[in-house]
1. With the structure loaded, tell me whether V246 is of a type outside the set (G, A, S) and within 19 Å of V166 (Cβ to Cβ) or whether it fails that test.
2. Sort through D183, D123, D165 and tell me the only one that's of a type in the set (D, E), surrounded by 22 or more Cβ atoms within 10 Å (Cβ to Cβ) and more than 15 Å from the chain's Cα centre (by Cα).
3. Tell me which helices (runs of 4 or more DSSP H) are completely within the stretch 54-137 and hold 1 or more residues being within 17 Å of G187 (Cα to Cα) and either touching a strand residue (DSSP E or B) at 6+ places or on another chain (Cβ under 9 Å) or in contact (Cβ under 8 Å) with a residue 40 or more places away in the chain (or both), or say none if there are none.
4. Among the residues of the stretch 328-348, count how many are in contact (Cβ under 8 Å) with a residue 60 or more places away in the chain, more than 25 Å from P17 (Cα to Cα) and of a type outside the set (A, V, I, L, M, F, W, C).
5. Consider P26 against the criteria (1) closer than 30 Å to S345 by Cα; (2) crowded, with 19+ Cβ neighbours inside 10 Å: it satisfies all of them except one. Which criterion is unmet?
6. Going by the structure shown, is L283 surrounded by fewer than 21 Cβ atoms within 10 Å (Cβ to Cβ) and within 23 Å of the chain's Cα centre (by Cα)?
7. Pick out the one residue from V202, V167 that is within 14 Å of the ligand (Cβ to nearest atom), under 24 Å from G342 (Cα atoms) and in a strand (DSSP E or B).
Amino acid sequence: MDRPEIILAPGPTPIPPEVLLAQGSPLVYHRGPGFGSLMRDVIGHLKTLYRTEAADVLLMTASGTGGLESAVQNVCSPGDEVFVPLAGFFAERFQRLAESQGLVVHTTTQAWGERVDPARMADALAEHPVKAVFLTQSETSTGVIQPIEDLARVANDAGALVVVDVVSSLGAVPFAFDDWGIDVAVGGSQKALSASPGLAFVAVSDRAWEASQAATCPRFYFDWATYRRFAELPHPENPWTPAISVMQGLQAALRLYFQDGLDVALARHRTLSTAVKEGVRALGLDLFGEGLDDNWTVTAIRAPEAADADAICDRIRSDYGCVLAPGQGPLKGSVFRIGHFGYFSELDIIRGLAALEMTLEKLGHPVKRGAAVAAAETVFLEA
Ligand SMILES: Cc1ncc(COP(=O)(O)O)c(C=O)c1O
């Protein structure tokens, strides 16, 4: 496949030309005033995105998982009891990450595609008080946006720290670090912001800083205290040589994102999501997962009887260069996913839906040609 691919997967997302130009520009040396002002600008925008005035935002050269690992290492000590409500692939991965650091992980298990139930979590925390709760806002494997505000309230009432994976949700759906009582939230550059992969951002509350002073999980590269020391220099720096070019791109991506303000960017994500969902419904396919109206990051779709979900993903990619995501875990083969967060236009969605129509017809699922495209156009014109 040597033509450019049309990415409609849940990250990395397509990178706009302004970002490519910025990251292809001459390097800003990472110890000095130019890099210091770049860091200030990026962190300022990220704080607006997190809706926080109180937290520090640390920038790390790592994919999102590195930021998540830093959260576990800096907040906890081996043997600490923590809680992870399981309802999909990324929550399960959070559990494995915590176990890898020697934590004792309590869980509740709900079916993939369900929203985590705050009442069940409250019961679980009453039974086993824990140091921290690890939540995933956008469960990318199912498309479900978890009710973080309610879950954080339950965790706060139980005296637990609240650590949230916002890797695939920050910038795509509402999030309010300060108002919701969050202690740590970890995002990534390659998702809703449409910058290149390679940077994790970690928002840290005062309570989380306090916890980090007592935490004894081994850490060096991801030691938050080191990041803070360098960020407090007269010209802020990163402790290690950062992915400078990716940061230059991220700065451009944030400027684009904030061109019309945060509320407009979020409304755009809602409209893209509605257009995809209406388009898919118009093809007679069923959507998967609870809370569809709130799930603005990824749409999970049940494959029709005629075609296995993996076959749909393979065929649409080989015939049209369009990348969708297959189902994970128990959803493999029966569900496929369309990612619609990031720098997408209406036409990006429409051409993806057109490719899906043709692919389904080729695989033997009868469609009314143009039905998905027409349904999406209606959503866009009425938005
Ligand atoms: C919810 C969620 N958490 C964590 C990750 C892992 O992020 P990364 O691949 O940037 O390490 C992803 C990636 O898809 C994700 O969607």
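1. Details: of a type outside the set (G, A, S): yes; within 19 Å of V166 (Cβ to Cβ): yes.
Spelling it out, V246 is indeed of a type outside the set (G, A, S) and within 19 Å of V166 (Cβ to Cβ).
2. Working: D123 fails: surrounded by 22 or more Cβ atoms within 10 Å (Cβ to Cβ); D165 fails: more than 15 Å from the chain's Cα centre (by Cα).
Of D183, D123, D165, the one residue that is of a type in the set (D, E), surrounded by 22 or more Cβ atoms within 10 Å (Cβ to Cβ) and more than 15 Å from the chain's Cα centre (by Cα) is D183.
3. Working: elements: 64-75, 89-100, 118-127.
In the stretch 54-137, 64-75, 89-100 are the helices (runs of 4 or more DSSP H) which contain 1 or more residues that are within 17 Å of G187 (Cα to Cα) and either touching a strand residue (DSSP E or B) at 6+ places or on another chain (Cβ under 9 Å) or in contact (Cβ under 8 Å) with a residue 40 or more places away in the chain (or both).
4. Of the residues in that region, 4 qualify.
5. In the conditions (1) closer than 30 Å to S345 by Cα; (2) crowded, with 19+ Cβ neighbours inside 10 Å, P26 misses (2) alone.
6. Working: surrounded by fewer than 21 Cβ atoms within 10 Å (Cβ to Cβ): yes; within 23 Å of the chain's Cα centre (by Cα): no.
So L283 does not fit the description; no.
7. Answer to the selection: V202.
A quick yes/no check of all residues on (1) touching a Cys at 6+ places or on another chain (Cβ under 8 Å); (2) at pLDDT below 95; (3) away from the ligand (no atom under 12 Å from the Cβ):
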{"residue": "S63", "(1), (2), (3)": "no, no, no"}
{"residue": "G66", "(1), (2), (3)": "no, no, no"}
{"residue": "Q73", "(1), (2), (3)": "yes, no, yes"}
{"residue": "V84", "(1), (2), (3)": "no, no, yes"}
{"residue": "Q101", "(1), (2), (3)": "yes, no, yes"}
{"residue": "E114", "(1), (2), (3)": "no, no, yes"}
{"residue": "V144", "(1), (2), (3)": "no, no, no"}
{"residue": "A172", "(1), (2), (3)": "no, no, no"}
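The values are calculated or read from the model by the stated rules, or taken from the named source; none is laboratory data. Source: prediction; values computed, not measured. Glycine also receives a Cβ, built like all others from the backbone with ideal geometry; neighbour counts cover every protein chain displayed.
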